[in-house]
Structures are given as C-alpha cells and as structure tokens.
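As structure tokens, the structure follows; a few thoughts come after it.
Rule-based calculations on the coordinates, nothing more; no lab input. Please read these numbers as outputs of a predicted model, since none were measured by experiment. Here Cβ is always computed from backbone atoms with ideal geometry, including for glycine, and neighbour counts include all displayed protein chains.
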Amino acid sequence: MLIPGCVISYGATIFLFLTSLFLLSLWRPVTAFRACLVGLLLGALVFVPLTWLEWKSSGPDSGPPTENFLVFFVRWTADPLTAMFPLAGLITAGLYWWLVTQRRGRSIPSPG
C-alpha cells in the first residue's frame with residue numbers, strides 16, 4: 001500500500017493540485033481560502049482511488065471482493081482516519097499558498 005499510496009499522493013499533488021490552482025488562477029485570484037478549499041476537496045477526492053485499491057483486495061485471502069464497492073466505500077468513509085485525506089490536502093494547500101505569498105512578498109512586487 002505504501003508504493004501505490006505514494007504514487008497517488010505525489011500524482012495528486014503534481015497533476016491535480018497544481019493544475020487546479022493554475023486553472024483557478026486564470027479564472028479568479030487565488031486567495032488563501034480558495035487554495036485551501038481546492039486542497040480540501042482534492043484531498044477528499046484522493047481517498048476514492050485508495051479505497052478502490054483496498055476494495056479490490058478485500059475478498060477472502062486478498063482475492064476478489066465479496067461485497068459491492070458502494071457498500072465498502074460507505075463503510076470505509078465512516079472511519080475517523082478518513083478525515084486525514086482532506087486534512088492533508090488542506091495543510092498542503094495552505095503551506096503552498098503561504099510559501100508562494102512569502103516568496104512573492106520578498107522578491108516580486110504584487111500588482112496593484
């Protein structure tokens with residue numbers, strides 16, 4: 001699970017989060033709230049493929065699943081550790097926004 005988790009999390013950061021922030025910045029100014037909201041939503045979205053991987057190996061002896069994915073997903077969503085995914089996305093987005101504004105504040109004058 002570590003290797004698929006790393007691939008999904010780094011892929012989500014690079015391809016989902018940064019691309020989403022770039023597209024958001026073309027449409028609207030990126031504020032701390034908007035950046036954190038994007039991170040929160042994408043963090044929650046990353047939970048789906050990880051749950052899919054778990055479901056595929058949830059059967060007897062790590063074989064094919066015996067229950068429907070939707071039933072499995074609802075059961076896994078009820079776990080308190082599920083909150084870790086949106087929270088990690090929120091923290092990543094907040095740190096990203098903070099680092100960008102700190103760098104921009106020192107070296108690049110803000111337009112206006």
Q.
To check my understanding: the extent here is largest minus smallest coordinate of the Cα atoms along each principal axis. What are those three numbers for the stretch 2-107, in Å, largest first?
A. 58, 24, 23
Q) Taking R0 as 22 Å, what's the FRET efficiency between Phe33 and Thr82 from their Cβ-Cβ distance, rounded to 0.05? A) 0.45
